[in-house]
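A.B. asks: Questions regarding the structure given below will be posed in turn.
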Amino acid sequence: MSKIIVAIDGPAGSGKSSVSKQLARAFKFAYLDTGAAYRALAWATLNGLSFEKIATDDFEKEFDYSISTDPDDFWVRVGAHDVTEAIRTALISETVSSVAALANVREFMKRLTKRIVDECAFEGAVVEGRDITTVVYPDAQSRLLLTASEAIRLDRRSKELSADSAKAVVNQVSKRDENDSKIVDFMNAAPGVTLVDSSDLDFDQTVSVMIAQINADLKASAQ
C-alpha cells in the first residue's frame, strides 16, 4: 500500500465526518468522505441520470464526480454543479440507500475511492464510510469503527439536519441504517477493527482516543 490509510466506519450520527476531518488535520492526511459519492450519485438520479442507467455500468461515463480531500476546504461537485450542500437534504437521505444497494455501484465506488486516494497529494488518508474497514481497505494500517448509542446518534443527526423535524430525522436515520446494514455490517467491529464508542465522550475526547489508537496501530504496522 503506497499511502498510509486510516479506515473509519460507523452508522449515521456517530460523528464519523467531523471526527475524521479532525484526525486528518492532526496527522496532516487527506480526508475522504466516501458517503458523499453515493449521495452525489443519488442527486444525479434526481437531476437527469436515470435510475435504470445506474443499474448498468453505462452510468460511469456520465457521472462526472469530484471531491476535495483537503479537510479545511471541503467541497463536492457533479460536473459544473457544486452539490456540497445539496447532497445533505432529507430527499437525498431518503434516496441514497436504493443507489447504494446496487452491486455495480458499490464496486464502482470502491474503485473510485482508491483512485481518489492514490491521486491525492497527501502521504496518508483518513477514509470514512460504512464498508471501508471491511471491503475497501481491509488491509489499512489502522481500522476503527466509531459508534454511539442510538439516542445520542439521533440527537447529533437532528442537529446536522436542522431543517428537518425530529421525527423525520429519527425515521430517516433508522431506515437508512436498517437498509444499509443488509448490505454491509457497519454496526459491529470486524476482526482486527477497533471499536470506539463515543456515547459518553465529547468531540475532543473522541478525537484524543482515536489519535492514540491510530498512533498505536501505525507503530505496530511499522514493526
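The values are calculated or read from the model by the stated rules, or taken from the named source; none is laboratory data. Bear in mind that the values here come from a model prediction, so they are computed numbers and not experimental data. Neighbour counts are summed over all protein chains in view; Cβ atoms, including those assigned to glycine, are modelled from backbone coordinates with ideal geometry.
A.B. asks: Can you tell me which residue among Ile8, Ile4 is under 20 Å from Leu201 (Cα atoms) and touching a helix residue (DSSP H, G or I) at 6+ places or on another chain (Cβ under 8 Å)?
C.D. replies: Sole residue among the options that is under 20 Å from Leu201 (Cα atoms) and touching a helix residue (DSSP H, G or I) at 6+ places or on another chain (Cβ under 8 Å): Ile8.
A.B. asks: Quick check on segment 194-223: of everything there that is assigned to a helix (DSSP H, G or I) and polar (S, T, N, Q), which residue is surrounded by the most Cβ atoms within 10 Å (Cβ to Cβ)?
C.D. replies: So the first thing to find is which residues in segment 194-223 are assigned to a helix (DSSP H, G or I), and the list is 203-222.
Keeping just the survivors that are polar (S, T, N, Q) gives 205-206, 208, 213, 215, 221.
Details: Gln205: 11, Thr206: 23, Ser208: 13, Gln213: 16, Asn215: 13, Ser221: 14.
Checking each candidate, the answer is Thr206.
Conditions tested, residue by residue: (1) at pLDDT 65 or above; (2) surrounded by 13 or more Cβ atoms within 10 Å (Cβ to Cβ); (3) polar (S, T, N, Q).
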{"site": "Leu112", "(1), (2), (3)": "yes, yes, no"}
{"site": "Arg115", "(1), (2), (3)": "yes, no, no"}
{"site": "Glu128", "(1), (2), (3)": "yes, yes, no"}
{"site": "Tyr137", "(1), (2), (3)": "yes, yes, no"}
{"site": "Ala140", "(1), (2), (3)": "yes, yes, no"}
{"site": "Ser162", "(1), (2), (3)": "no, no, yes"}
{"site": "Asn171", "(1), (2), (3)": "no, yes, yes"}
{"site": "Lys175", "(1), (2), (3)": "no, yes, no"}
{"site": "Asp180", "(1), (2), (3)": "no, yes, no"}
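A.B. asks: With respect to Lys61, is the statement that it is out of contact with any helix residue (DSSP H, G or I) (no Cβ under 9 Å at 6 or more places or on another chain) and assigned to a helix (DSSP H, G or I) true?
C.D. replies: When the stated conditions are applied, Lys61 passes them.
A.B. asks: Does Thr69 satisfy the criteria of being out of contact with any Gly (no Cβ under 8 Å at 6 or more places or on another chain), under 25 Å from Thr134 (Cβ atoms) and of a type outside the set (A, V, I, L, M, F, W, C)?
C.D. replies: Numbers: out of contact with any Gly (no Cβ under 8 Å at 6 or more places or on another chain): yes; under 25 Å from Thr134 (Cβ atoms): yes; of a type outside the set (A, V, I, L, M, F, W, C): yes.
Considered against the rule, which asks whether it is out of contact with any Gly (no Cβ under 8 Å at 6 or more places or on another chain), under 25 Å from Thr134 (Cβ atoms) and of a type outside the set (A, V, I, L, M, F, W, C), Thr69 comes out as yes.
A.B. asks: Restricting attention to segment 22-44, which residues are of a type outside the set (A, V, I, L, M, F, W, C), in a helix (DSSP H, G or I) and touching a residue at least 60 places away in the same chain (Cβ under 8 Å)?
C.D. replies: Answer for segment 22-44, where residues must be of a type outside the set (A, V, I, L, M, F, W, C), in a helix (DSSP H, G or I) and touching a residue at least 60 places away in the same chain (Cβ under 8 Å): Gln22, Gly35, Tyr38.
A.B. asks: Just one of Asp57, Asp70, Asp9 is touching a residue at least 40 places away in the same chain (Cβ under 8 Å) and under 20 Å from Asp118 (Cβ atoms); which is it?
C.D. replies: Details: Asp57 fails: under 20 Å from Asp118 (Cβ atoms); Asp9 fails: under 20 Å from Asp118 (Cβ atoms).
It is Asp70.
A.B. asks: Here's a follow-up. Identify the residue in segment 2-14 that is more than 14 Å from Gly129 (Cβ to Cβ) and in a loop (DSSP other than H, G, I, E, B) and, among all such residues, is modelled with the highest pLDDT. Give the steps one after another, and end with the answer.
C.D. replies: Taking segment 2-14 and keeping what is more than 14 Å from Gly129 (Cβ to Cβ), we get 2-4, 13.
Adding the requirement that they be in a loop (DSSP other than H, G, I, E, B) leaves 2-3, 13.
Values: Ser2: 85, Lys3: 95, Gly13: 77.
If we take residues in segment 2-14 being more than 14 Å from Gly129 (Cβ to Cβ) and in a loop (DSSP other than H, G, I, E, B), then Lys3 is modelled with the highest pLDDT.
A.B. asks: Would you check if Val83 is modelled with pLDDT of 95 or more, buried (at least 18 other Cβ atoms within 10 Å of the Cβ), over 18 Å from Val127 (Cα atoms) and out of contact with any Cys (no Cβ under 9 Å at 6 or more places or on another chain)? Outline the logic, then answer.
C.D. replies: Working: modelled with pLDDT of 95 or more: yes; buried (at least 18 other Cβ atoms within 10 Å of the Cβ): yes; over 18 Å from Val127 (Cα atoms): yes; out of contact with any Cys (no Cβ under 9 Å at 6 or more places or on another chain): yes.
Spelling it out, Val83 is indeed modelled with pLDDT of 95 or more, buried (at least 18 other Cβ atoms within 10 Å of the Cβ), over 18 Å from Val127 (Cα atoms) and out of contact with any Cys (no Cβ under 9 Å at 6 or more places or on another chain).
A.B. asks: What pairs come up if the first residue lies in segment 80-109 and is closer than 18 Å to Asn47 by Cα, the second is crowded, with 16+ Cβ neighbours inside 10 Å and among the hydroxyl-bearing types (Ser, Thr, Tyr), and their beta carbons are under 8 Å apart, counting only those six or more places apart or on different chains?
C.D. replies: The qualifying pairs are Thr95/Thr45; Val96/Tyr38; Val99/Tyr38; Val99/Thr45; Ala100/Tyr38; Val105/Tyr38.
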